[in-house]
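Data block below; observations after.
Nothing in this text is a laboratory measurement; each read-out follows from the coordinates by a stated rule. None of these values were measured; they are calculated from a predicted model. Don't worry about glycine lacking a Cβ; one is built from the backbone with ideal geometry, like all the others, and counts go over all protein chains shown.
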Amino acid sequence: MDLKLQDKSALVSGSTAGIGFAIAQALTQEGASVTISGRSEQRVTQAIDKIQQSNPSAKISGVVADLATREGTEQLFQQVPTIDILVNNLGLYEPKPFSDISDEDWFNIFEANVLSGVRLSRYYLPGMQERNWGRVIFISSESAVQIPVEMIHYGMTKTAQLAISRGLAEATAGTGVTVNAVLPGPTRSEGVEGFVEQVAKERNVDVATVETEFFQSLRPTSLLKRFATTEEVAAMVVYLCSPLASATNGAALRVDGGVVRSII
């Protein structure tokens with residue numbers, strides 16, 4: 001299927017690894033010009049090289065900036081003044097008992113997960129509206145609707161993204177701009193892989209055993225019964241980025257493996 005993205009430019013925040021990287025890679029495969037971002041020049045360079053190795057014709061560039069800060073976003077705006085597609089993927093997570101989550105923890109995760117997307121959307125959305133075409137996508141989580149007791153502050157930020165996404169979508173009514181949210185479930189990202197491998201090593205079992213037990217005990221409602229791949233999540237996101245998804249606006253679309261026990 002041709003997603004008609006050859007003439008579109010995209011920015012994917014927090015995209016040197018994991019879901020963000022998979023989204024950036026998939027967008028380049030569809031012919032879009034993509035800017036990735038990361039805090040480390042080495043990580044950005046490695047991500048660009050990896051994409052170009054798999055797709056030598058990829059139109060890919062990178063910006064080194066901490067988009068969890070106001071200063072970082074200002075650096076980005078100077079280098080990337082306009083885009084057609086914004087994917088707000090940057091996010092942090094940290095399992096922590098509620099009583100141990102400090103004020104600083106709350107502020108830090110809110111700035112990274114919520115304010116980064118607010119700042120980027122506030123800057124790029126007006127240009128999309130002026131040109132009467134654009135896509136803004138927030139990478140939320142199933143944790144937005146099933147708040148994890150071990151990461152209440154993380155769940156809060158993901159719920160906030162749904163509110164912002166829907167509110168911004170209301171502002172695009174009758175235009176060629178759409179704003180949507182995507183809710184991945186447990187996904188085999190770089191961080192998850194490292195965690196699973198560490199647990200397996202500590203318990204002297206294989207990775208498959210740890211994954212099976214995770215879905216038996218922590219995510220028993222999963223219908224997939226395995227971690228989704230980053231590519232599976234990216235497929236949904238890239239479709240929403242395309243002109244073919246013009247009738248989807250203000251939606252919260254799940255790629256959660258059926259973890260959320262709801263039909264809507």
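Return the sequence-ordered ³J(HN,Hα) values of the stretch 86-91 in whole Hz as given by the Karplus equation 6.51 cos²θ - 1.76 cosθ + 1.60 applied to θ = phi - 60°, using x for Gly and Pro.
10, 10, 7, 9, 3, x
For the stretch 1-87, how big is Rg over Rh, using alpha carbon atoms and the Kirkwood form of Rh?
Radius of gyration relative to Kirkwood radius: 0.95.
Consider just the alpha-carbon atoms of the stretch 26-153 and return their Rg together with their Dmax, both in angstrom.
When restricted to Cα atoms, the stretch 26-153 yields Rg and Dmax of 16.4, 50 Å.
So who's got an amide H within less than 5 Å of the one on V177, skipping anything under 5 residues away but keeping other chains? H placed 1.01 Å off N, in plane.
Residues meeting the criterion, in which the H sits 1.01 Å from N, are G134.
Would you mind computing the Rg to Rh ratio of the stretch 87-202 from its alpha-carbon coordinates, Kirkwood style for Rh?
So for the stretch 87-202, dividing Rg by the Kirkwood Rh gives 1.05.
Using the Cβ atoms and a cut-off under 15 Å, what net charge is assigned to the surroundings of Y124, where Lys and Arg are +1 and Asp and Glu are -1?
The answer is +2.
What is the sum of charges around E104, taking Lys and Arg as +1, Asp and Glu as -1, for the other residues whose C-beta is under 13 Å from the C-beta of E104?
Its environment carries a net charge of -4.
What residues have an amide H closer than 5 Å to that of A251, excluding those fewer than 5 places away on the same chain, when H is modeled at 1.01 Å from N in the peptide plane?
Long-range HN contacts for A251: A181.
I'd like the per residue volume of the convex hull spanned by the Cα atoms of the chain, given in cubic angstrom.
137
Which distance in nm do the two modelled labels at W133 and F107 give, with both placed 7 Å along the Cα-to-Cβ direction?
4.3
May I ask for log10 I(q)/I(0) of the stretch 188-227 at q = 0.16, 0.30 Å⁻¹, from a Debye sum over the Cα atoms as equal point scatterers with solvent left out?
-0.36, -1.05
Out of the chymotrypsin sites (Phe, Trp or Tyr not before Pro) in the stretch 93-145, which ones are loop residues according to DSSP with at most 16 other C-beta atoms within 10 Å?
Sites meeting the loop and neighbour criteria: W133.
7 Å from Cα along Cα→Cβ at both A173 and L218: what's the point-to-point distance in nm?
For the pair A173/L218, the computed spacing is 4.2 nm.
If amide H atoms are built 1.01 Å from N in the plane of the peptide, which residues on other chains or at least 5 residues away come under 5 Å of the amide H of S37?
V12, G14, S15, T16, V63
State the answer as a single residue: which of L162, Y123, T175 lies farthest towards the positive end of the charge dipole of the chain, with beta carbon charges of +1 for Lys and Arg and -1 for Asp and Glu, about the Cα centre.
Looking along the dipole axis, the top candidate is T175.
What spacing in nm lies between the two simple spin-label points modelled at E94 and K201, each 7 Å away from Cα in the Cβ direction?
Taking the simple label geometry, E94 and K201 are separated by 2.2 nm.
Across the chain, how many lysine pairs separated by 8 or more positions, or lying on different chains, have Cα atoms within less than 26 Å?
Lysine pairs meeting the criterion: 10.
For the chain, what does -39500 (n - 2.57) per DSSP helix run (n ≥ 4), summed and divided by total residues, give at 222 nm, in deg cm²/dmol to the nearest 500?
Theoretical 222 nm ellipticity from helices: -14000 deg cm²/dmol.
Anything in the chain that counts as a DSSP H helix reaching 24 Å or more along its axis (C-alpha) with Kyte-Doolittle mean of at least -1.0? List them, would you?
Qualifying helices: 152-170.
Could you tally the net charge around A228, taking each other residue with its Cβ under 13 Å from the Cβ of A228, Lys/Arg +1 and Asp/Glu -1?
With Lys, Arg at +1 and Asp, Glu at -1, the net is -1.
Can you compute the charge dipole magnitude of the chain about its Cα centre, using +1 on each Lys and Arg Cβ and -1 on each Asp and Glu Cβ, nothing else charged? Give it in debye, rounded to the nearest 20.
Computed about the Cα centre, the dipole is about 640 debye.
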